[in-house]
1. Across region 579-596, which residue is most open to solvent (accessible area, probe 1.4 Å) among those that are assigned to a loop (DSSP other than H, G, I, E, B) and at negative phi?
2. Could you check, for region 396-404, whether at least one of its residues is surrounded by 24 or more Cβ atoms within 10 Å (Cβ to Cβ), out of contact with any strand residue (DSSP E or B) (no Cβ under 6 Å at 6 or more places or on another chain) and at pLDDT 95 or above?
3. Regarding Thr142, is this residue closer than 12 Å to Val113 by Cα and at pLDDT 95 or above?
4. Could you tell me how many of the residues in region 248-272 are hydrophobic (A, V, I, L, M, F, W, C) and in contact with a Gly (Cβ under 7 Å, 6 or more places away or on another chain)?
5. What single numbered condition from (1) in contact with a strand residue (DSSP E or B) (Cβ under 6 Å, 6 or more places away or on another chain); (2) of a type in the set (Gly, Ala, Ser); (3) at pLDDT below 80 fails to hold for Gly82?
6. So which residues in region 494-509 are under 28 Å from Asn380 (Cα atoms) and in contact with a helix residue (DSSP H, G or I) (Cβ under 7 Å, 6 or more places away or on another chain)?
7. May I ask you to list the residues in region 255-288 that are open to solvent by 20 Å² or more (accessible area, probe 1.4 Å), out of contact with any His (no Cβ under 8 Å at 6 or more places or on another chain) and not charged (D, E, K, R)?
8. Kindly provide the set of residues from region 108-130 that are crowded, with 20+ Cβ neighbours inside 10 Å and either among the basic types (Lys, Arg) or modelled with pLDDT under 90 (or both), ordered by number.
Amino acid sequence: MTLIRHPFSSIEWINNSVSRIYQARTKWNRKRTQAIFLSGLMIISMVAAAAVPASAAGSSSVESTESSDMGLSTEQWTDERGADDHTSDAWNIGFEKDIDPSLKEAEGQQQDVLIVLEEQPRLDHDEGLSVNDGVQSLQERTESAQNSVVSELTAMQGVSIDNRFWIANFLSATVDLDRADLDTIAEVEGVDVLVEPVQFGHPSPPSDTTSTELDEMSGEFTYGLEQIGVPEFWEEYGQGDGTSVAVIDDGMDAGHPDLELSGAALIDSDGNVIDDEINRTTGHGDHVSGTVTGADTPAGEGIPTYGVAPEAELLHADVFDEGGGSFDAIAGALEWAVSENVDVASASLGAPPGFRLSLLIPIIGNARALETSVVFSAGNEGHSIPTQTVTAPANDFQVFAVGASDEARQVPDFSSGSVIDGTGFGRDGTRLDLGFADEYIKPDTAGPGVDVLSAGPLGTDGDGRSVTSVNGPADEETTYSRASGTSMAAPHIAGALALLQSATEEQLKPGVIEAALQETADRPGDVDVPERGPGFPEKDVRYGTGIINVTDAGDALSEMTRVTGTVTDHETGDGLAKVDIRTEGGVHSATDGSGSYAIPVLPEGGETTLHVEQFGYLDETVTVTDNIEDIAAEPDSTGLSEAETHDAVATEVPEFPLGD
């Protein structure tokens, strides 16, 4: 690829490469990764593989080919949702020595405190570690950083350490404010910020949907499974054997005949696993778990099949044991799920306004580096461009956020969607160069979330939750219910991700599987999408890229490739951070602090199109094929001067609308 120029400012792409994104996977070592790269100066090429014909129903798998002329094989920790960052082994989450205002106002009481340490270990993408070795690496690095801090803190009067995390470099502590001084704690060498742990909760149940009695149901499958292509996938690829999903929710009834638990964890408010049995249930945990792995032949008479991946292993973490899902409990549950080598962790939870999203960045990032997709429901607060209705964790760039669809493939009014302003996730609005976009749309895709049938006695709760619960004929534990909300949509996508992981003999990275779902998702042809954000023609705040179809995504896996490269300023040669890189199908990535990027793509007709945008630079549309492509940029009509080109925040350049 030649230089991209214009008279005022320009972008130069160098060292672009395309590689097969599939990594060797075996049943005995499912979490080792391998990628093959071809690099060249100022050129870009595409190696496309033909689709693999399906074999007999229920036994086919997606295979990939590796060309011997593609260069050196290297193992990488690479997450295609963000950029490759070969320059840093730490997360810069933008904190400084500080104490949350809410903590400063507390006095004379036992106070829970989350202690965030300065060094936040980030797995080196080039380490080539197995998941177990990656976990050990994080454990060793956090332990080393924590030891001196813990020693000094425990020597203080009134301070006890309740948990030491390794998924991120955090400590959970209890502080007696009558005996210990928060300012003194904050000044301990190695401590970054003291935070009051917030309480997460389930999204508010929608009140504008209707429910059908269970005895009015008909058909072999629920509309949800049919809508996302599950029956066809089962015939072609199977039901998820060899994969695992961890549901993070409240408890569940482990005795339901349709649900088989492979692992469980009761998490306390400090993030510790205190038991391996969970029996307490409100019905919510049963319902979402049933959607993920409910039996293909339900025990209830007349109940249609409702579980997306019945042969996947189900693990379940209860984070509401002590009355609320604290941040520490959520972090502990994700840490537990990753340590269990799960393929997907799914939760239908949300944080209150004001939550520091940057606290989640190292947790989600390290989980994805350890090859666990992280799925969260988008929320039930409606979709709007000027209003931030998608809250944490679903508004994290790395999270796969899910909106709801109904039986008519429409998005209900309650389903949350926003254009996210990602510029101020650090302390005091610090701009973080982490390989995340400055603005992006959530949800990523939509899935069935209205009148969803699943396991458990979710029932009506007096707060407008539109469900009906009945007992099945087998025994008192055989219960089923209908519910609406993005809480019901998220487990459909979690199950679909497990199905896709099972469809190949290779261990796929989270970003690749998610990209396959996004690239093949679609909206109804007659749907007007007036609420797309400017600059986001491939995605909108209602559907994301569309309603998923897991069969189409499975068929696409053999065609997926990855484009990597570096975006630099032509005049200075400096790498450009936060340059938007998007595909026609809506997959979104961005360059990191060094200007590097990686994005999974689904070629069409042997080529793929990338949209490249950075404020102060001409937008570029790059067609990637198996030949060298020269790009000659047109002059920028805004007339930016050379002095305005690097960070380019000039007001003459239209910006995407930002949230409140």
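The values are calculated or read from the model by the stated rules, or taken from the named source; none is laboratory data. The structure presented is a predicted model; accordingly, all values stated were derived computationally and were not measured. Glycine gets a Cβ as well: all are built from the backbone with ideal geometry, and neighbour counts include every protein chain shown. We work out accessible area using only protein heavy atoms, side chains counted, and drop any ligands, DNA or RNA first. Shrake-Rupley method; radii C 1.70, N 1.55, O 1.52, S 1.80 Å.
1. First, the residues of region 579-596 that are assigned to a loop (DSSP other than H, G, I, E, B): 579, 584-587, 591-595.
Right, trim to at negative phi and you get 579, 584-585, 587, 591-594.
Numbers: Val579: 0, Glu584: 113, Gly585: 16, Val587: 7, Thr591: 1, Asp592: 0, Gly593: 44, Ser594: 38 Å².
Looking at the filtered set, the residue picked out is Glu584.
2. Scanning region 396-404, I find at least one residue that is surrounded by 24 or more Cβ atoms within 10 Å (Cβ to Cβ), out of contact with any strand residue (DSSP E or B) (no Cβ under 6 Å at 6 or more places or on another chain) and at pLDDT 95 or above, so the answer is yes.
3. Values: closer than 12 Å to Val113 by Cα: no; at pLDDT 95 or above: yes.
Judged against the criteria, Thr142 is not a match.
4. Restricting attention to region 248-272, the residues satisfying the condition of being hydrophobic (A, V, I, L, M, F, W, C) are 248, 252, 254, 259, 261, 264-267.
Filter again for in contact with a Gly (Cβ under 7 Å, 6 or more places away or on another chain), leaving 252, 259, 267.
Residues in region 248-272 being hydrophobic (A, V, I, L, M, F, W, C) and in contact with a Gly (Cβ under 7 Å, 6 or more places away or on another chain): 3 in total.
5. Condition (1) is where Gly82 drops out.
6. Quick first cut of region 494-509, residues under 28 Å from Asn380 (Cα atoms) only: 494-500.
Listed by number, the residues that qualify are Ala494, Gly495, Ala496, Leu497, Leu499, Leu500.
7. Gly255, Pro257, Ser262, Leu266, Ser269, Asn272, Val273, Ile274, Asn279, Thr281, Thr282
8. Passing the criteria: Arg122, Leu123, His125, Leu129.
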